[in-house]
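What follows draws every value from the coordinates through simple rules; no lab data is involved. In this text, all values refer to a predicted model and were calculated from it rather than measured experimentally. Note that we place each Cβ from the backbone using ideal geometry, even for glycine, and neighbour counts take in every protein chain shown.
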Amino acid sequence: MTQNDLSLKPVAPAWHTTLILGLLLIIAAVEVRMQSHPLLPPEYLTGRYFLGILFEWLLLGMVLFGLRFRNMRPRDLLGITPPGPAAFLRDLAIAIVFLIGCVISLAILRVALNGGHLPPPNQAVAKLLPRTPMQLGVFTLLSLSAGICEEMIFRGYLQRQFAALTNNAMIAVVIQALVFGLCHAYQGVESICLLSVYGLFLGLLRQWSGRLRPGILAHFMQDAGAGLVGYFLLR
């Protein structure tokens, strides 16, 4: 580990963290309710993407606002990120290797959860995949927003906050991963398990690297890649 989160002070007041957790769970509950509706026409699905982008940045804005109470800055969540193209390419390489390992590990876990059989595609996820060029473009923007915002919220804010509150970095990694999985409850119980493990991997990557950029890149590539595959399969 390159950074000892055990010595970090809380980045925001406890009431602020409680508020953020409450909002995350409310949004998750709304998404579960929305999944009960039939597949939306293309123009409404595009609007849903834009709504997702809006909520991602609004929630991140609320997180960053909470930092002001402890005189923290956004860069305190990002970690020490070396400048320059060489450092970026190094983080990109880390992200690619990490993502390949995650895809393989989660595929094996999914097969294991289904009794050794290859399961069918997740219908909750399939309903939200892009089907037109316009949708694909907006979905890519949504993926970029998710990569930036969710990594700063879960692996930046929550992970560091829980590390300070529990005085245990590994407990913090586990807690933020469980919250991350629950926030994807609309995808079903199996996905909650899989995405909790994925969140655990991302948390360990943040803990090992000391910065968010590799996780942001991996998160973006995973989401955007899923959208691209879905576009070509569902056209």
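Estimated from helical segments only, the mean residue ellipticity of the chain at 222 nm is -24000 deg cm²/dmol, where each DSSP H run of four or more residues counts as -39500 (n - 2.57). The ranking of His219, His184, His117 from fewest to most other beta carbons within 10 Å of each one's beta carbon is His117, His184, His219.
Between helix 213-234 and the chain there is an angle of about 0 degrees, using the helix long axis and the longest principal axis of the Cα atoms. Taking only alpha carbon atoms, the range 84-205 gives an Rg to Rh ratio of 1.00, where Rh is the Kirkwood radius. Across the range 24-32, computed HN-Hα scalar couplings (Karplus, 6.51 cos²θ - 1.76 cosθ + 1.60, θ = phi - 60°) run 4, 6, 5, 4, 4, 5, 5, 5, 4 Hz from first to last residue, x flagging Gly and Pro.
Ordering Glu31, Glu150, Glu190 from the fewest to the most neighbouring beta carbons within 10 Å gives Glu190, Glu31, Glu150.
For the range 115-126, putting each phi into the Karplus relation 6.51 cos²θ - 1.76 cosθ + 1.60 with θ = phi - 60° gives couplings of x, x, 9, 6, x, x, x, 6, 5, 5, 6, 4 Hz, in residue order, rounded to whole numbers and with x for Gly and Pro. With all projection directions averaged, the alpha carbon convex hull of the chain covers 12.9 nm².
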